[in-house]
Amino acid sequence: MSAAGSPPPIHSGNAAVASWARDPRLAGCRRLFLCEHVRAVEIGIHDFEQHAPQRLVFHVDLFVPLAASTPQADRIDEVVDYDFIRAVIAERIAAGRIGLQETLCDDIARRLLAHPQVRAVALSTAKPDVYADSRAVGVEVMLFKDAA
């Protein structure tokens, strides 16, 4: 438990992001993130996953060049809005059932990377309710615009 009495996060961030400051492809970027975004998702291939949506925890990191994310007039239209991240996730979930976390992560990461200001995306998902003997099972992907 944390000092505030809440459980520690399932994942505190994307492992691929840990060394982002050393990656020359991300030089001059700002990191935007959405942490522990929990949604009910129709996902899974096992029989026990077929009957109801299950909790899925998203962690998203976007890397945006400083030139495209440094506001001059303190206006939201000068930066990438966090609502964009949430909207992309919601749109993909609304598109219907998906079997694998890998497919879901790839789909969402590609959609986020399509934003003209985004240079790279790191995205992870975690299912906290699948195994009683584990906190979560999950997937992580990192895509760069030059490799997408």
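The values are calculated or read from the model by the stated rules, or taken from the named source; none is laboratory data. Only a predicted model underlies this, so the values are computations on that prediction, with no experimental measurement involved. All Cβ positions, even for glycine, are placed from backbone atoms using ideal geometry, and neighbour counts span all protein chains on display.
Quick notes on this structure:
- Residue among ARG55, ARG30, ARG39 that alone is more than 20 Å from MET142 (Cα to Cα), touching a Leu at 6+ places or on another chain (Cβ under 7 Å) and either modelled with pLDDT of 95 or more or assigned to a strand (DSSP E or B) (or both): ARG39
- Consider segment 50-78 and keep the residues that are in contact with a strand residue (DSSP E or B) (Cβ under 8 Å, 6 or more places away or on another chain) and without any contact (Cβ under 8 Å) to a residue 40 or more places away in the chain. The one that is nearest to ASP106 (Cα to Cα) is PRO53.
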